[in-house]
Amino acid sequence: MTNNGLSNKRVVVAMSGGVDSSVAAALLKDQGYEVVGLMLRLWAEPGGAANRCCTPDAVNDARRVAAALDIPFYVRDYKDVFKSTVVDFFIDGYARGVTPNPCVVCNRDIRFDRLLKEALSLGGDFLATGHYARVHRTDEGRFQLLKGIDPAKDQSYMLYTMSQARLARVLLPVGEYDKSHIRQIAADKNLPVFNRPDSQDLCFLGAGDYRAFLHRHAPEVVQPGQIVDSAGTVLGEHAGLAFYTIGQRKGLGLSSPQPMYVLHKNTTSNTLVVGAKEELGQTTLLAHQVSYVSDQPPAEPIRVQGKIRYKSREMGSVLTPLPDQRAELVFDEPMRDVTPGQAVVFYQGEVVIGGGTIEKTG
């Protein structure tokens, strides 16, 4: 979406000190918006490394970018709400034996709920972020969420919970460019973050990984147990169900004449079920907490492309809406790594139809 001459419109840009949000602010200022920068201080482990989204260096970088663009810049403390909303969700998911996706929850409940309200309270007409996705307004006045132009950076998978009301107030300017172009824009504008590397891991894990994090914050979910095959034969011992994911082959520590893969995690018996490659693959999944960008589920089953992980391939599927915010997805071919707790997102071409959380398979 562009300004279309509405130079009196104020947009609050969620800034992280990274190149994407910095260029988002620069692009919107070039379009004539009144731009305000806003950064969130998020929870980090006491005594540990700072949250990657808001390290002291990141805050300083965001301030420098705001100064270079001559825009106001504010910082808000979201530590407690981030901990209770995102971090606790992450820990609870592993306690329930699923593989949670905290980034979806952060976008749904922090960025495009609380932060959007914060932007409006600052007199903003819009909230903008540096996500690689696009917002399109149809001739009928409805809003669509589209994939970003750069397929390698597209983040629409993480934004499937967007509603019509939210999309009406959201701008995603960098989604119209590929990443190399965004860095070039930053360099051309002499923004001090043009060569800052991208963040890869979960922001609140600091310098460690999720295994060490769970050991510190939820030791009860990393108890050793038996590894069994689908017939129940004991093959070995696992280090804690939270350390494994569906389809995993490496790191099982098993001696077997053929490669073994994780098929299932049984939290009741604390057993890890493994099997041969041909035992992998699911053609059907059930999703819950399903939402649709149009705000309404389809009236009947429809053809979609289903995506079960951020970096997974899409698969042709039939989506059938069910009561209680549930849906069934039947794939054209078996999918190997369908993992309860992860998001499944429904596409039609470049358009995001909606998505939900994988509840179970089969």
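The values are calculated or read from the model by the stated rules, or taken from the named source; none is laboratory data. This is a predicted model, so every value here is computed, not measured. Positions of Cβ are backbone-derived with ideal geometry, glycine not excepted, and every protein chain shown enters the neighbour counts. Just so you know, the surface numbers come from the protein's heavy atoms only, side chains and all, with ligands and any DNA or RNA stripped out. Shrake-Rupley method; radii C 1.70, N 1.55, O 1.52, S 1.80 Å.
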Within the stretch 70-99, of all residues that are in contact (Cβ under 8 Å) with a residue 24 or more places away in the chain and among the hydroxyl-bearing types (Ser, Thr, Tyr), the one surrounded by the fewest Cβ atoms within 10 Å (Cβ to Cβ) is TYR74
If we ask which residues in the stretch 102-143 are polar (S, T, N, Q) and in contact with a helix residue (DSSP H, G or I) (Cβ under 8 Å, 6 or more places away or on another chain), their number turns out to be 2
Could you tell me whether any residue of the stretch 167-174 is closer than 16 Å to VAL352 by Cα, among the small types (Gly, Ala, Ser) and either touching a residue at least 12 places away in the same chain (Cβ under 8 Å) or not in a strand (DSSP E or B) (or both)? yes
All conditions in (1) open to solvent by 40 Å² or more (accessible area, probe 1.4 Å); (2) in contact with a strand residue (DSSP E or B) (Cβ under 8 Å, 6 or more places away or on another chain) are true of PRO56 except (2)
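Residue-by-condition table, conditions (1) out of contact with any Lys or Arg (no Cβ under 8 Å at 6 or more places or on another chain); (2) of a type in the set (S, T, N, Q); (3) closer than 30 Å to ARG142 by Cβ:
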position: ARG249; (1), (2), (3): yes, no, no
position: SER256; (1), (2), (3): yes, yes, no
position: LEU263; (1), (2), (3): yes, no, no
position: VAL274; (1), (2), (3): yes, no, no
position: LEU280; (1), (2), (3): no, no, no
position: VAL290; (1), (2), (3): no, no, yes
position: PRO298; (1), (2), (3): yes, no, yes
position: ARG303; (1), (2), (3): yes, no, yes
When ALA67 is run through (1) free of Cβ contacts under 8 Å to residues at least 24 places away in the same chain; (2) surrounded by 18 or more Cβ atoms within 10 Å (Cβ to Cβ), the failure sits at (2)
Next item on the list: Return yes when ALA168 is more than 17 Å from the chain's Cα centre (by Cα), closer than 22 Å to VAL36 by Cα and open to solvent by less than 10 Å² (accessible area, probe 1.4 Å) and no when it is not.
Entry: no
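Of the residues that sit in the stretch 175-219 and are of a type in the set (Phe, Trp, Tyr) and in a loop (DSSP other than H, G, I, E, B), which one is modelled with the highest pLDDT? I'd like the intermediate steps shown before the answer.
If we filter the stretch 175-219 for residues that are of a type in the set (Phe, Trp, Tyr), which is where we start, we get 177, 194, 204, 210, 213.
With in a loop (DSSP other than H, G, I, E, B) added as a condition, the list becomes 177, 194.
Working: TYR177: 97, PHE194: 77.
This residue is TYR177.
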Review point. So is LEU329 among the aliphatic types (A, V, I, L, M), modelled with pLDDT of 95 or more, touching a Ser or Thr at 6+ places or on another chain (Cβ under 9 Å) and open to solvent by less than 30 Å² (accessible area, probe 1.4 Å) or not?
Key: yes
Restricting the stretch 43-53 to residues that are over 14 Å from MET15 (Cβ atoms) and in contact with a Cys (Cβ under 9 Å, 6 or more places away or on another chain), the one least open to solvent (accessible area, probe 1.4 Å) turns out to be ASN51
Residues of the stretch 153-163 being open to solvent by less than 20 Å² (accessible area, probe 1.4 Å) and in a helix (DSSP H, G or I), in sequence order, are SER156, TYR157, LEU159
